[in-house]
Amino acid sequence: MEEVKPQLIKITFDGIEVEVEPGTTIMQAARKIAEADESQGHLVPPAMCYYKPLPTSGGKCRACLVRVAAGSAKDPRPMPKLVPSCITQVQEGMIVENTTNPAVLDTRKSIVEFLLINHPLDCPVCDQAGECHLQDFSFEHGSVKTRYEEDRRTFDKIDIGPFVQLHMTRCILCYRCVYTADQITDKRVHGVMNRGDASEISTYIEKAIDNDFSGNVIDVCPVGALTDKTYRFKSRVWFSKPEDAHCDCDKCSGKVTLWYRGDEVIRVTARKNMWGEVNEFICNKCRFERKKTSDWVIEGPTKVKRSSVISANKYRKDLIAKPDFALKLAATQFKPIDDEREYTTDSETIRHQSIENNDKANHRSLLTDNRN
Amino acid sequence: MARKILTEHINVPGIETFEVYRKQGGYAAVEKAIKTMSSEEVVEEAKKSGIRGRGGAGFPMGMKWGFLAKPEGVPRYLVCNADESEPGTFKDHHLMKSIPHLLIEGMIVSSYALGANKSFIYVRGELMYVIRILEKAIEEAKANGFLGKNILGSGYDLELVVQPGGGAYICGEETALLESLEGKRGNPRNKPPFPAVKGLYQSPTVVNNVESIANMPWVINNGGDAYAAIGIGRSTGTKLISASGHIQKPGVYEIELGLSVDEFLNSDEYCGGIRKGHYLKALVAGGSSVPILPAHLITKTAAGEDRLMSYESLSDGGFATGTMLGSGGFIVFDETACIVRNTWNFSRFYHHESCGQCSPCREGTGWMEKVLHRIEHGHGSLHDIDLLVDVAKKIEGNTICPLGDAAAWPIASAIRHFREEFEWHINSPKEATQPGAVFMGAVLA
Amino acid sequence: MTETPNPVAFTPERLAKVKEVIARYPEGRQKSALLPVLHIAQEQWGWVSSEVMDHVAEILSIEPVEVYEVASFYTMYHLDPVGKHVIEYCRTGPCCLMGGEEIYDYLKQKLGIQAGQTTADGLFTIKEVECLAACGWGPVFQIREQFYMNLTRERVDEIIEELSK
């Protein structure tokens, strides 16, 4: 017997029509467009708190706010405020503006600013750099300058059990880890304490998360607040090479990504989809204890976006061959470095030159900023 | 004397007891509603009355009741919002402690209208003594057959529960209140779904302010049309105004909507004018969240018409030259009040009360407070003023609940109307921050 | 200051009250009793220690972290030991207009402590709170359930003297 399919709903997102099932959110509709045509990936609203595999997540960070220019075919009035696309369901005939609406982009820029005012701006020393969603979000939507001159909130690092370290200073309170903990266990021991900007993810009395799946909080964390203690500062993510692998595990699916440096497995994570989400949580044994190639059946290199720093320097040339137009573009824009200043080892000269360079850089950033 | 609906008997000795309240005609509305009216008819009277939510938003109460979903076999709840915490507002506090049975009676007829068999009064935890007064009133009503099983032999059952809060302004937001009532952190929910569909325990729920519910006995006794005849235009009925600040007679007053601001502020029946020897500088008309108005826009609108105490007249001119009736928290400032210090004080309040769920409010309220703190303490710079305006604009409208707006509006309006005072603080930090110079008024006296 | 005994237990009267509170809510919704039960606990011990919170969690059949999350969200629960009388002083705008800041300075000077501190004799703790919904009767502070309104220096003297007895 043929399954009766529900009537599909047609919406327009940034001028592109897409048909989705009733109950779909705007975010999922946008992702559907990008999944069908990868070149439209830039249209998809960013998600800092929303995480599809965690059903109650979303609606908090406001990074994905979009404008609904027409609510539905029946009631084509625009919605008065920007709406969070991750939790707003589509209606037949809805018209949504994301990258096509300057007010949306302006608001998004301010969301980056809000998330960064209490977040340290020290990516170079953070373990998450290179795979940090906040870093990507700031790079794509943020401003080059900060207007925040006040003190930032800081916390001490806390060990949550033998494998996970919590550094609240970096947390953006997306609540993903709390929802993960809710999902993997009936006996939750970590949650959100205090309120407002003093809120912190905590176990209150530093209880370990004693659960076979607790390591997954590391993968769902969009920033460097929850990190893998067996991996911390062993490498940078762009120096390691991800390979998909699996094993026969009695606790989880056993489907993982192994992160190699040379021949050594330095980290095991769950597999992430193109939206950076983990669909199948893995157990702590796979994550923290199976760190030999012989523990695993290797499937092959993990698909990584060419634009990601993770793909840098690791694959054979033919795998990362640049398309023709890019080579041509590069050729037209290539200029040899034109610096005729004398090579010097004198520290005073170096200091002056560096101040001068900084000034130039600052000046450039001011110009870029004014342009926006 | 103007007409009183809520406070007519408030000064009768012993009115807090069932006996005296009943002698003054109390609980007649319960008898009338339960014995002679269907629940739909009660809802109809609420709609006719045109009464608008008295908690601050001013949403028509009858319409809100009409939205309540009624799926078979699912309980429905009425929750009374007595989490009064908006700075400048203390009317519900006054009403509940003085005449508790009025709220109980209102809860009974309203619960009957909505078909709720268990209703809650969520009172802010700080008012524990008021909770005890309400619990005693409930016991008395129960002992006299107005609560409990089979009320007045009608077959209608109702249990009333008084729930204490734990100290959080945000629980005045209706979905945060419901979360709190479920024993959780007071984090507002994303809407939709609205409480009318999924509220307390995921069941259809109506949340109404104390004053809104306390009006219902009168509406039942006299009819919705009679209520709608009071007031002006779409601002029907009377309103409790909490008056505070630099006036002769601070306190809670019941006014007929449409009274002129000038009369309310200056007549001896109400505020009695600005305290002696001083003059009016500014007014916050509806609780700390609403925009502040400078003296020249208080008794007259920008168009030169008399400003009235009504939803429409107070918001005349939009935010450029108007404000809002809000919860009726009427805070008056004379010339000794420092607007910068007051704005910082309010911003500290919102920073303290932000739940921390969504990023614009969590981070933005703290940011604004810190900048205002700097300006107030003599470390500001002129671009801080524009920064504040911009941050407030970025918070407004982009948050899960209205607390973000409530934090942004007072700051934006203070700068809109009193920019020179901010500039003076920045340019002359010594004079402006000298203790006692301009120190929130009272010190100078 | 009260130390919480180990094992923690409510007095029989308070336990009866706790059970009565739990019975108010629909079946399976006993978590709703959390805020009122924490108030009862604070009434008994003066503050809410983690042992007390664990005990409350047990009574309500919920996880301890659910209690910590809630107790730390709301401002009325003292998560550290406090003095015999906690003076909860309103610091919000309308009270300040009535001279609240000056009276507050006087109070702090009189007791020789700052907000969050307890006097050496363990009698008074000052805690700054936001609006207590008594703006027309300011300046205001609250000690347990009692509101002290229209404060003046003389009134503060009287109250402190009365409570020091």
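The figures follow:
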quantity: Most fluctuating residue given options A:Glu277, A:Glu348, A:Glu113, as computed from a GNM of chain A linking Cα atoms under 10 Å; calculated: A:Glu348
quantity: Qualifying lysines (Cα of each under 27 Å from Cα of B:Lys47; at least 8 residues distant if same chain); calculated: A:Lys74, B:Lys4, B:Lys32, B:Lys35, B:Lys64, B:Lys70, B:Lys91, B:Lys118, B:Lys191, B:Lys198, B:Lys239
quantity: Region C:18-33-region C:88-151 distance, computed between alpha-carbon centres (Å); calculated: 34 Å
quantity: Considering only chain C, percent of DSSP beta bridges that pair antiparallel, nearest 5; calculated: 55 percent
quantity: In order through region B:344-360: 3J(HN,Hα) via Karplus (6.51 cos²θ - 1.76 cosθ + 1.60), integer Hz, x for Gly, Pro; calculated: 4, 4, 5, 5, 5, 4, 5, 4, 5, 9, 5, 6, x, 6, 9, 5, x
quantity: Out-of-range pairs (alpha-carbon distance over 23 Å; input B:Lys23/C:Lys17; B:Lys97/B:Lys249; B:Lys97/B:Lys136); calculated: B:Lys23/C:Lys17
quantity: Zone of C:Thr11's modelled label, taken as backbone nitrogen in region C:126-154 under 16 Å from a point 7 Å along Cα→Cβ; calculated: C:145
quantity: FRET efficiency, B:Asp306 to A:Phe155 (Cβ-Cβ, R0 45 Å, nearest 0.05); calculated: 0.25
quantity: Average other protein chain Cβ within 10 Å of Cβ, residues C:35-48; calculated: 3
quantity: Ratio Rg/Rh, restricted to the protein assembly as shown and using Cα atoms, in which Rh is the Kirkwood radius; calculated: 0.99
quantity: Taking N as its residue count, the alpha carbon Rg of region A:5-85 over 2.2 N^0.38 Å; calculated: 1.10
quantity: Test item: B:51-58 mean partner chain Cβ contacts at 10 Å; calculated: 0
quantity: Alpha-carbon Debye profile of region B:238-341, log10 I(q)/I(0) at 0.17, 0.19 Å⁻¹; calculated: -0.68, -0.86
quantity: Peptide ranges B:142-148, A:222-228 listed from the most packed, as the mean C-beta count within 10 angstrom indicates; calculated: A:222-228, B:142-148
quantity: Computed E for B:Lys97/A:Glu280 - FRET, C-beta separation, R0 60 angstrom, nearest 0.05; calculated: 0.55
quantity: Point-to-point label distance, C:Gln114-B:Arg416, nm (Cα→Cβ direction, 7 Å offset); calculated: 3.8 nm
quantity: Difference of contour (0.36 nm per residue) and Cα-Cα distance, A:Arg232 to A:Gln89; calculated: 47.5 nm
quantity: Centroid-to-centroid separation of region B:201-260 and region A:217-269 [C-alpha atoms, Å]; calculated: 61 Å
quantity: In Hz, Karplus ³J(HN,Hα) per residue of region A:102-107 (6.51, -1.76, 1.60; θ = phi - 60°; x = Gly, Pro); calculated: x, 5, 5, 5, 5, 4
quantity: Inter-label distance, nm, simple model (7 Å from Cα along the C-beta direction), B:Ile232/B:Ala57; calculated: 2.6 nm
quantity: For region B:53-106 and region B:370-400, distance of Cα centres in Å; calculated: 34 Å
quantity: Peptide-level mean, for A:185-191, of C-beta atoms on other protein chains within 10 Å; calculated: 4
quantity: Kirkwood hydrodynamic radius of region A:118-233, from inverse mean 1/r over distinct Cα pairs, in Å; calculated: 14.9 Å
quantity: Three-way shape call for chain A based on the alpha-carbon gyration tensor, with the a/c threshold at 1.5; calculated: rounded
quantity: Under 18 Å from the Cα of C:Lys84 - aspartates and glutamates, other chains or at least 8 residues apart; calculated: B:Glu126, C:Glu3, C:Glu43, C:Asp121, C:Glu128, C:Glu145, C:Asp157, C:Glu158, C:Glu161, C:Glu162
quantity: Relative packing of C:94-103, A:19-28, which averages over residues the other C-beta atoms within 10 Å, highest first; calculated: C:94-103, A:19-28
quantity: For region B:39-124, diffusion coefficient by Stokes-Einstein and Kirkwood Rh (Cα), 20 °C, 1.002 mPa s, µm²/s; calculated: 154 µm²/s
quantity: Pairwise label distance in nanometres, A:Ala198 with A:Glu17, each label 7 Å out on the Cα-Cβ vector; calculated: 5.5 nm
quantity: Nonlocal amide H pairs with A:Arg267, under 5 Å, H built at 1.01 Å; calculated: A:Trp259
quantity: Of every Cα-Cα pair in region C:12-73, the percent that sits beyond 14 Å; calculated: 50 percent
quantity: Long-range HN-HN contacts of C:Thr92 with modeled amide H, under 5 Å; calculated: C:Cys131
quantity: Nearby aspartates and glutamates by direct alpha-carbon distance to A:Lys255 (threshold 19 angstrom, same-chain neighbours under 8 apart not counted); calculated: A:Asp212, A:Asp219, A:Asp228, A:Glu243, A:Asp244, A:Glu264, A:Glu277, A:Glu280, A:Glu289, A:Asp295, A:Glu299
quantity: Within the protein assembly as shown, percent of DSSP bridges classed antiparallel, to nearest 5; calculated: 70 percent
quantity: Dipole of the protein assembly as shown, positive direction: furthest Cα of A:Ser143, B:Cys171, C:Ser61, with charges on the beta-carbon; calculated: A:Ser143
quantity: Angle between chain C longest axis and helix C:34-45 axis [Cα atoms, degrees, rounded to 10]; calculated: 70 degrees
quantity: Peptides C:149-155, B:50-56, B:85-91 ordered by average Cβ neighbours within 10 Å, highest first; calculated: B:85-91, B:50-56, C:149-155
quantity: Amide H contacts under 5 Å for B:Ser260, placed H, 5+ residues apart; calculated: B:Met309
quantity: Chain B - share of DSSP beta bridges that are antiparallel (%, nearest 5); calculated: 50 percent
quantity: J(HN,Hα) series, region A:254-261, from Karplus relation 6.51 cos²θ - 1.76 cosθ + 1.60, nearest Hz, glycine and proline x; calculated: x, 8, 9, 10, 9, 10, 9, 10
quantity: Value of [θ]222 nm, deg cm²/dmol, for the protein assembly as shown, DSSP H segments ≥ 4, -39500 (n - 2.57) each, nearest 500; calculated: -10500 deg cm²/dmol
quantity: Student exercise, region C:12-73 dipole from Lys, Arg, Asp, Glu Cβ charges, in Debye to nearest 20; calculated: 280 debye
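Every number here is computed from the coordinates shown, using simple stated rules; none is lab data. Everything quoted here is computed from the prediction, not taken from an experiment. For neighbour counting, all protein chains shown are included, and Cβ atoms are generated from backbone atoms with ideal geometry for every residue, glycine included.
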